[in-house]
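Only the coordinates and a few stated rules stand behind these numbers; no lab work does. Keep in mind it's a predicted model, so treat the numbers as computed, not measured. Note that we place each Cβ from the backbone using ideal geometry, even for glycine, and neighbour counts take in every protein chain shown.
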Amino acid sequence: MFSRGIFGYRVIEAKCKKFLYNNQRKIFLETPIYNKKYSLTLYFENEELFTEIRKLLYDNRENVIIVAGKWEKTEKFNCFGTKIMSKRQIKVTKQLI
């Protein structure tokens with residue numbers, strides 16, 4: 001795992017937070033799966049893509065999620081974010097948490 005944070009182009013394994021999304025087109029995840037060291041925020045510009053991914057993740061809250069993107073730090077401590085432009089950036093695995 002990354003000791004100083006998640007920066008640059010990375011593929012991250014995460015799980016859903018209890019508070020999964022808000023109405024500002026943001027979805028919240030956490031990683032590593034069993035340690036919960038970092039919070040992840042997925043930003044969406046497309047409302048239709050946000051709705052589709054939100055439903056996919058909500059239906060698979062107990063599964064491991066893989067997210068690819070260019071990660072940057074946010075204003076919160078130990079919180080990193082990336083823009084989601086395509087469904088191909090997110091994969092839900094069959095592995096249960």
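Exactly one of these conditions fails for Thr93: (1) in a strand (DSSP E or B); (2) among the β-branched types (Val, Ile, Thr); (3) surrounded by 15 or more Cβ atoms within 10 Å (Cβ to Cβ). Give me its number.
(3)
Just one of the numbered conditions (1) assigned to a helix (DSSP H, G or I); (2) exposed (fewer than 13 other Cβ atoms within 10 Å of the Cβ) is not true of Lys70; which one?
Going through the list (1) assigned to a helix (DSSP H, G or I); (2) exposed (fewer than 13 other Cβ atoms within 10 Å of the Cβ), Lys70 breaks only (1).
List the residue pairs whose Cβ atoms are under 6 Å apart, where the first residue sits in segment 44-68 and is under 21 Å from Tyr9 (Cβ atoms), the second is in a helix (DSSP H, G or I), and the two are 6 or more positions apart or on different chains.
Phe44/Phe50; Ala68/Gln89
One line per residue, one yes/no per condition, for (1) more than 10 Å from the chain's Cα centre (by Cα); (2) over 14 Å from Ile66 (Cβ atoms); (3) not polar (S, T, N, Q):
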| residue | (1), (2), (3) |
| --- | --- |
| Arg4 | yes, yes, yes |
| Ile12 | no, no, yes |
| Lys17 | no, yes, yes |
| Leu20 | no, yes, yes |
| Leu29 | no, no, yes |
| Ser39 | no, yes, no |
| Leu42 | no, no, yes |
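Could you list, in sequence order, all residues of segment 4-39 that are under 13 Å from Cys79 (Cα atoms) and either polar (S, T, N, Q) or in a loop (DSSP other than H, G, I, E, B) (or both)?
Arg4, Gly5, Ile6, Phe7, Thr31, Pro32, Lys36, Lys37, Ser39, listed by residue number.
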